[in-house]
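Comments concern the structure below.
The values are calculated or read from the model by the stated rules, or taken from the named source; none is laboratory data. Being a predicted model, the structure only gives us computed values, none of them experimental. Reconstructed Cβ throughout: ideal geometry from the backbone, glycine too, with neighbour counts over all protein chains shown. Areas reflect the complete protein model, heavy atoms only, side chains present, ligands, DNA and RNA absent. Shrake-Rupley method; radii C 1.70, N 1.55, O 1.52, S 1.80 Å.
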Amino acid sequence: MAEPTITPLGYAMGAEVTGLDLRRPIDDLTRRRLYEAWLKHVVLVFPGQALTPQQHIAFSANFGTLDDHASQAPETLLENEPQILVVTNKHRLGKPSGTRNTGRNWHTDLSYSLRPAKGALLLCQEKPPVGGDTMWANLTMAYETLSPTMQRFIEGLEAVHDVSLVKGIGQRDPAVIQGLRSRNPPVVHPMVRVHPDTGRKSLLAGERVSHILGLTEDESTALLNFLNAHATSPEFVYRHRWRVGDIVLWDNRCTCHVALPDFDQSQPRLMLRCSLQGEAVGRLAEAAPAATKEQMIQTVAALS
Ligand SMILES: O=C(O)CCC(=O)C(=O)O
Ligand SMILES: [Fe+2]
């Protein structure tokens, strides 16, 4: 099999992979090369790959076990192919699509579950003439560029991730929201993760975190705002301008991403996603909200 050509797309991450026809199975050597390139470049772009759903599934399985999307609303999955999630602003089954605003805030896929995704492969089938871009931020770089003092501080911290903070969730059917919430109660994850393949540490925050355990509400908000702004600063970001037939594979274990609403919503955008199942980590959150300043004053008053 011909050796793929791998061309870096940015300093933070991203590389384009050409010279492969992904409609056909890839051999072991090519699989190993692609996996290594994935770990190195974090986001891989495969242009010109108009795969069928079955080919998309077969190619995706080279990078891990496919998720059956049990955490998602069933009507957002492709008919008879639960391994494919349909991310679109087009009507589905005569109704506005539940995924028309998917990914509109910075997030790491499924961080609101006990199994954050390993990664995903998004295939662009239709796109507006301009815009509808997606951005990824490199959370290994984000962690490594914090001061050693801040690294030590956040290393011991855990945060609560909550599906209710998915932007636009309120626009979905009340029954769908109820289903998403009951399948995904709030969970706790460490703020610093160790990548199972590379051993490198990365930051896990994002806009679906409600609070950091052990801090007051004000401390938690300030620290999260700082960490999220730092993590998503332009130096750490790769921005993808889609072309029909692009497949983008990302490593969800060391990135977060956002789907920009920077396009005319009357134009169709249709993306198909295979998701790679992550390792079971984290634990269910106890219902203990962060302490407010008022509560801290009363605690101190009671002691003095
Ligand atoms: O539509 C996109 O560009 C990405 C949406 C998203 O967040 C995802 O598929 O995980
Ligand atoms: Fe996402």
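Data table
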{"quantity": "Where L77 falls short, out of the listed (1) open to solvent by less than 40 Å² (accessible area, probe 1.4 Å); (2) in contact (Cβ under 8 Å) with a residue 12 or more places away in the chain; (3) not polar (S, T, N, Q)", "calculated": "(2)"}
{"quantity": "Subset of segment 229-261 [β-branched (V, I, T), in contact with a Lys or Arg (Cβ under 9 Å, 6 or more places away or on another chain) and not in a loop (DSSP other than H, G, I, E, B)]", "calculated": "V258"}
{"quantity": "Identity of the residue in segment 104-119, among the small types (G, A, S) and surrounded by fewer than 23 Cβ atoms within 10 Å (Cβ to Cβ), that ends up farthest from ligand 1 (Cβ to nearest atom)", "calculated": "S113"}
{"quantity": "Residues that are β-branched (V, I, T), closer than 18 Å to T108 by Cα and touching a residue at least 40 places away in the same chain (Cβ under 8 Å), drawn from segment 155-197", "calculated": "V160, V163, V166, V187, V188, V192"}
{"quantity": "Pairs, first at negative phi in segment 112-127, second at pLDDT 95 or above and among the small types (G, A, S), C-beta under 6 Å, six or more apart", "calculated": "R115/G278; P116/G278; A117/S275; A117/G278; K118/G64; K118/G278; A120/S275; L121/S60"}
{"quantity": "Some residue of segment 72-85 being under 30 Å from H230 (Cα atoms) and modelled with pLDDT of 95 or more", "calculated": "no"}
{"quantity": "Filter result for A288 (part of a loop (DSSP other than H, G, I, E, B) and in contact with a helix residue (DSSP H, G or I) (Cβ under 6 Å, 6 or more places away or on another chain))", "calculated": "no"}
{"quantity": "Candidates C274, C254, filtered to the one that is crowded, with 17+ Cβ neighbours inside 10 Å, within 16 Å of ligand 2 (Cβ to nearest atom) and closer than 26 Å to E155 by Cβ", "calculated": "C254"}
{"quantity": "Matching residues, segment 291-304, being in a loop (DSSP other than H, G, I, E, B) and open to solvent by 80 Å² or more (accessible area, probe 1.4 Å)", "calculated": "S304"}
{"quantity": "Flag if I212 is within 18 Å of the chain's Cα centre (by Cα) and farther than 13 Å from W136 by Cβ", "calculated": "no"}
{"quantity": "Residues (of a type outside the set (A, V, I, L, M, F, W, C) and open to solvent by less than 10 Å² (accessible area, probe 1.4 Å)) located in segment 17-27", "calculated": "none"}
{"quantity": "Some residue of segment 28-51 being under 20 Å from G179 (Cα atoms), among the aliphatic types (A, V, I, L, M) and either more than 15 Å from ligand 1 (Cβ to nearest atom) or surrounded by fewer than 18 Cβ atoms within 10 Å (Cβ to Cβ) (or both)", "calculated": "no"}
